[in-house]
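Below is one structure, written out as structure tokens, with a few remarks after it.
The values are calculated or read from the model by the stated rules, or taken from the named source; none is laboratory data. Computed from a prediction, not measured in an experiment: that's the story for all the values here. Cβ placement follows ideal geometry from the backbone for every residue including glycine, while neighbour counts extend to all protein chains displayed. Side chains included, ligands, DNA and RNA excluded: accessible areas come from the protein's heavy atoms. Shrake-Rupley method; radii C 1.70, N 1.55, O 1.52, S 1.80 Å.
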Amino acid sequence: MKTVLVTRPLPQPVIAALAAAHKVAVRDETGPMSGDEMVAALRRFDAILPTIGDAFSAEIFAQAGQIRTRLLANFGVGYNHIDVAAASAHGIAVTNTPGVLTDTTADLALTLILMTARRAGEGERLLRAGGWTGWHPTQLMGMDVSGKVLGIVGMGRIGEAIARRGHFGFGMKVLFYNRSPKTPDLPARQVGSLAALAAACDVMVVAVPGGAETRHLIDADIFAAMKPTALFINIARGDVVDEAALIAALQAGGIAGAGLDVYEREPVVPEALTRMENVTLLPHLGSATLETRTAMGMLAADNILAFFAGKPLPSPV
Ligand code: NAP
């Protein structure tokens, strides 16, 4: 029996699956672990099930010194908060939860697209504030999504699921930019440069992983290339976008609106964004359904169970 730390409360079936085989401690707090907590956990537990915000950096592994942990089974497909090379150098394996959250996250991208295009947040705020005086023909006119050009940045699992929804659900023409050549299972054309994609689309959605390689991939030049009528959507990671450049583009009318699920310094959301009516702001809800959060937890648990049973890891990083 091994010792396992789960760093946030998770759906009960996940804890039950782990507790059937190992000694499980569940951290009671919903916020990220402090440096001291991570160091103590690395010394004490055989496996840790961490998630977004638990910044397992090279410094933390170095500080921990005598490390007992052999596995970090991350809850989430994105693992840019873990220095995987440093973990590996300390003999620690890392796993994530790909696939099980793809559809749920793609659904949220469509939520942001539709809410922003149809001014849904603005309309709801107006109504709840008692400011709705009744229907009239030029009230809160938005933009049709059907038939428009959808630009996907990062045609991976989630990018393709968004593209599928856009194409089959809304008759959108799909263009995409991706690191390597891709042939997705739907009509879609790969574009050679990000600036060319930005110039060609009506709705641009970011779905690449976060981390050093993609930091500020979307910068002032990309916003400058976009049409003033275009919408910008980010469901990936906040650091992929230069948030100051996004705010400047919105303020200057360089783009028409934005829908965001992730932010550069979560949970801090710049006040400039909260003041803009043409921006939809969600609190990192991408995978937040009971079904998906349970499936993510079960996959993380499966990785831990497999690891200590000496079986192949279901989803190694
Ligand atoms: P994935 O299948 O690995 O897809 C990532 C795609 O991005 C791949 O096609 C990859 O290209 C491409 N890419 C990577 N670096 C790139 C670069 N520098 N330039 C252009 N394209 C690049 O991952 P996924 O399952 O779709 O998840 C994507 C990300 O979504 C996750 O890493 C996570 O951060 C984020 N996410 C957010 C939420 C949320 O709550 N908002 C939920 C789930 C996931 P290659 O073909 O070359 O590998």
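Of a type in the set (K, R) and touching a residue at least 40 places away in the same chain (Cβ under 8 Å) - does that describe any residue in segment 204-217? Looking through segment 204-217, none of the residues is of a type in the set (K, R) and touching a residue at least 40 places away in the same chain (Cβ under 8 Å).
Residues in segment 14-54 that are of a type in the set (G, A, S) and over 17 Å from E266 (Cα atoms): A16, A17, A19, A20, A21, A25, G35, A40, A41, A47. Only one entry in L175, L186 is out of contact with any Gly (no Cβ under 8 Å at 6 or more places or on another chain), more than 22 Å from S287 (Cα to Cα), open to solvent by less than 50 Å² (accessible area, probe 1.4 Å) and at pLDDT 95 or above, namely L186.
Close Cβ contacts (under 7 Å, 6 or more residues apart or on different chains) running from residues in segment 70-85 that are away from the ligand (no atom under 15 Å from the Cβ) to residues that are open to solvent by less than 20 Å² (accessible area, probe 1.4 Å) and part of a loop (DSSP other than H, G, I, E, B) comprise R70/D46; R70/I92; L71/I92; L72/P50; L72/I92. Just so you know, in segment 283-317 the residues that are touching a helix residue (DSSP H, G or I) at 6+ places or on another chain (Cβ under 7 Å) and open to solvent by 20 Å² or more (accessible area, probe 1.4 Å) include one that is farthest from P228 (Cα to Cα), and it is P312.
Restricting G169, G123, G159 to residues that are within 16 Å of the ligand (Cβ to nearest atom) and either open to solvent by less than 60 Å² (accessible area, probe 1.4 Å) or at pLDDT below 95 (or both) narrows the list to G159. Evaluation of L281 against the conditions (1) within 14 Å of the ligand (Cβ to nearest atom); (2) more than 19 Å from D54 (Cα to Cα); (3) of a type outside the set (F, W, Y); (4) more than 16 Å from the chain's Cα centre (by Cα) shows that the sole unmet condition is (4).
Would it be correct to say that V145 is more than 11 Å from the ligand (Cβ to nearest atom), in contact (Cβ under 8 Å) with a residue 24 or more places away in the chain and either surrounded by 11 or more Cβ atoms within 10 Å (Cβ to Cβ) or closer than 22 Å to L260 by Cβ (or both)? Answer is yes for this residue.
With respect to F223, is the statement that it is touching a Gly at 6+ places or on another chain (Cβ under 7 Å), away from the ligand (no atom under 12 Å from the Cβ) and within 21 Å of L110 (Cα to Cα) true? Yes. Tallying residues that are part of a loop (DSSP other than H, G, I, E, B), over 21 Å from the mean Cα position of the chain (by Cα) and polar (S, T, N, Q) within segment 160-195 yields 2.
Would you check if R215 is open to solvent by 10 Å² or more (accessible area, probe 1.4 Å), in contact with a helix residue (DSSP H, G or I) (Cβ under 6 Å, 6 or more places away or on another chain), basic (K, R) and closer than 28 Å to G53 by Cα? In short, yes. With respect to (1) within 13 Å of the ligand (Cβ to nearest atom); (2) surrounded by fewer than 20 Cβ atoms within 10 Å (Cβ to Cβ), the lone exception for T274 is condition (1).
If I ask for residues that are more than 15 Å from the ligand (Cβ to nearest atom), open to solvent by less than 10 Å² (accessible area, probe 1.4 Å) and of a type in the set (S, T, N, Q), which ones from segment 226-260 would you list? Answer for segment 226-260, where residues must be more than 15 Å from the ligand (Cβ to nearest atom), open to solvent by less than 10 Å² (accessible area, probe 1.4 Å) and of a type in the set (S, T, N, Q): there is none.
Cβ-Cβ contacts under 8 Å between residues 6 or more apart (or on different chains), taken from a first residue in segment 261-288 that is farther than 19 Å from F75 by Cα to a second residue that is modelled with pLDDT under 95, are absent.
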